[in-house]
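This report concerns only the one structure given below.
The values are calculated or read from the model by the stated rules, or taken from the named source; none is laboratory data. This one's a predicted model, so the numbers in the text were calculated from it and none came from an experiment. So basically every Cβ, Gly included, is an ideal-geometry build from the backbone, and we count neighbours across all protein chains shown. Protein only, heavy atoms only, side chains kept; ligands, DNA and RNA dropped before computing areas. Shrake-Rupley method; radii C 1.70, N 1.55, O 1.52, S 1.80 Å.
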Amino acid sequence: MKQWLRKSVVVLVSILTFGLVTPTHAFWNENQEVDKAKQESANSSFQQTSTNENVFITNKDNVDRQQIIDQLMMEAEKQSYEKFGSKITPVIEDEFREIILPKIQEAIEMTIAQYPKEELSSLAITETPSAGVSEKIFHIYNVKTREDIIRFHVRRDHPPMDGYYFNFHYHTRFDEYQTHHDLGEIYWDKNTPPKWMSM
């Protein structure tokens with residue numbers, strides 16, 4: 001397999017699984033003629049972060065909070081647009097990116113700051129937002145305990161004599177999910193919005 005293709009696959013697997021899955025040495029040694037020095041060089045080069053290529057460290061012992069936050073934010077944005085679907089996204093995308101997304105990042109940063117460093121490598125994000133009229137956008141959880149750490153939701157509000165609003169908020173494990181932490185609202189229209197994930 002070509003060197004650049006191997007690198008691309010490793011980076012893709014690491015990003016998609018937040019580094020929880022690292023390709024085995026069998027993958028690297030597809031060609032048995034590769035000498036030992038070349039193997040060590042290839043393996044160590046993929047363990048480092050390159051600012052030019054945005055390659056994430058796959059060695060979980062060296063992962064820091066900012067890397068986890070960056071990975072979670074990348075996935076959070078993707079999950080949000082997936083939830084909005086093609087009918088809602090074009091209408092609220094700009095406001096969401098400017099107003100709500102930075103507040104989501106702040107909430108993730110505050111939550112991660114309270115989380116034990118040794119447990120950071122266990123954090124993951126749910127893969128599928130809820131469709132229909134359900135509130136769930138995504139949850140960040142501990143893969144070992146399966147416990148949610150922070151839950152991001154969006155609710156449809158329709159105040160009397162007014163239009164529809166999307167109310168973004170979150171709940172955390174640190175207060176047993178009791179407090180409704182507000183992230184902001186985005187106005188939709190007088191008409192009922194489509195269901196989440198509508199295409």
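Within the range 177-189, how many residues turn out to be open to solvent by 90 Å² or more (accessible area, probe 1.4 Å) and at pLDDT below 95?
The qualifying residues number 1.
Go through the range 94-141 and count every residue that is in a helix (DSSP H, G or I), of a type in the set (Lys, Arg) and either modelled with pLDDT of 90 or more or crowded, with 19+ Cβ neighbours inside 10 Å (or both).
Count: 2.
Identify, by number, the condition in (1) out of contact with any helix residue (DSSP H, G or I) (no Cβ under 8 Å at 6 or more places or on another chain); (2) within 14 Å of Ile69 (Cα to Cα); (3) open to solvent by less than 30 Å² (accessible area, probe 1.4 Å) that Ile150 doesn't meet.
(1)
Can we say Arg156 is modelled with pLDDT of 95 or more, surrounded by 15 or more Cβ atoms within 10 Å (Cβ to Cβ) and closer than 17 Å to Leu72 by Cα?
Here the answer is no, as Arg156 does not meet what is asked.
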